[in-house]
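Comments concern the structure below.
The values are calculated or read from the model by the stated rules, or taken from the named source; none is laboratory data. Being a predicted model, the structure only gives us computed values, none of them experimental. Here Cβ is always computed from backbone atoms with ideal geometry, including for glycine, and neighbour counts include all displayed protein chains. In case anyone asks, the SASA skips ligands and DNA or RNA and just uses the protein heavy atoms, side chains included. Shrake-Rupley method; radii C 1.70, N 1.55, O 1.52, S 1.80 Å.
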Amino acid sequence: MKNPLRAMRIYPIAIFILCAQPVVALDVVWPSGATQIVARSQSTADFNIATAAAARGGVPPTRSVAGALTEEIWRLPAEDSDPATIIAALRAQLVAQGYVVTFACADRDCGGFDFRFALPIAQAPEMFVDLGNFHYLAAQRSTPGAVADVALTVSVGGQAGYVHLARIGSGDIEPAAARPSFAPRQDADQSDMIAELVETGHMVLADLTFETGASALSGNRYDSLVVLAAWLAGDRARRIALVGHTDAEGALDRNIALSEARAAAVRQSLISDHGAAANQISAAGVGFLAPRATNTTPEGREANRRVEVVLLTP
């Protein structure tokens, strides 16, 4: 996937209309070659957002959201048309800007025909949805006195990718400063990261940080997870295991539990924040039983506190 050359904005006429409305903030970076084919808005509207998949023969549960509504439809070039990769990149941007994903699903797991046609998703020729290859995601961002909801549908039609982006909200929510690029930066370090994983069968996620003595990740964005999620999305047959490790301070059973919890936290971040498929990732912990450095120095103990990726299938 190409790196974006610029952030593409809605057309000037749409900007003029929106300036008189409450701000529904989301600053999206699109890949080079993306074309906006629809931009429309309403000052007040009701919009249904899915909260769960549709049961066979039924409609999905939804919640109705009222407020200022904007809808955009984007067509992406063939080289950027994989729905799993697109949704992972957009999801990362949402999370980086303070949105919380409330529901996400893919094609058959969503409910297929029943799900797609029960929701206010644009029709062809504006928006093409392949019922066997689409992704849906709903997210929300709240600040004091304001709430913004986003619904994304991503699919393919012909050789192009299509994105339907609906934003609805009330109150003024200023855009967040964080805005990762649409695709992970393909610099030497990231290329080396995947090369190491494929060639050696394992790799340390060196940029991860955890709260002291806790399993929660202490940051919001890690390039290693962005790259890893994109690599997993490139081939659904790929499988990895995340293995947590600790230093040798404390009892073995406590360290094994902590290492398992940290590996599980990284797995959940890949799934929830980056759109990776759950069946591609397992998690385990081995405590201090597999050190890569001495535990007699602070530097060695720090090196031993890590989460590694182990390649299970190429």
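Observations on the structure shown:
- Scanning the range 42-58 for residues that are in contact (Cβ under 8 Å) with a residue 24 or more places away in the chain and within 24 Å of Val101 (Cβ to Cβ) turns up Ala45, Phe47, Asn48, Ile49, Ala50, Thr51, Ala52, Ala53, Ala54, Ala55, Gly58.
- Qualifying residues in the range 151-175 (those that are over 17 Å from Ile86 (Cβ atoms) and open to solvent by 30 Å² or more (accessible area, probe 1.4 Å)) - the one modelled with the lowest pLDDT: Pro175
- Residue match in the range 214-237 (condition: modelled with pLDDT of 85 or more and surrounded by fewer than 18 Cβ atoms within 10 Å (Cβ to Cβ)): yes
- Strands (runs of 3 or more DSSP E) wholly inside the range 49-146 that include at least 3 residues being more than 26 Å from Trp231 (Cβ to Cβ) and out of contact with any Leu (no Cβ under 9 Å at 6 or more places or on another chain): 62-76, 135-143
- Residue check for Gly244: of a type outside the set (Phe, Trp, Tyr), at pLDDT 85 or above, surrounded by 15 or more Cβ atoms within 10 Å (Cβ to Cβ) and over 30 Å from His135 (Cβ atoms): no
- Enumeration of residues in the range 136-150 that are without any contact (Cβ under 8 Å) to a residue 12 or more places away in the chain and crowded, with 17+ Cβ neighbours inside 10 Å: none
- Members of the range 65-92 found to be more than 24 Å from Gln159 (Cβ to Cβ) and crowded, with 19+ Cβ neighbours inside 10 Å, listed by number: Val65, Gly67, Ala68, Leu69, Thr70, Ala92
- Contacts under 8 angstrom Cβ, first residue in the range 59-78 being free of Cβ contacts under 8 Å to residues at least 12 places away in the same chain, partner open to solvent by 20 Å² or more (accessible area, probe 1.4 Å), 6 or more apart: Pro61/Thr51; Pro61/Ala52
- Within the range 259-290, considering residues that are hydrophobic (A, V, I, L, M, F, W, C) and surrounded by 22 or more Cβ atoms within 10 Å (Cβ to Cβ), the one farthest from Leu152 (Cα to Cα): Ala263
- Search result, residues across the range 93-130 that are open to solvent by 50 Å² or more (accessible area, probe 1.4 Å) and under 21 Å from the mean Cα position of the chain (by Cα): Val100, Thr102, Arg108, Asp109, Asp130
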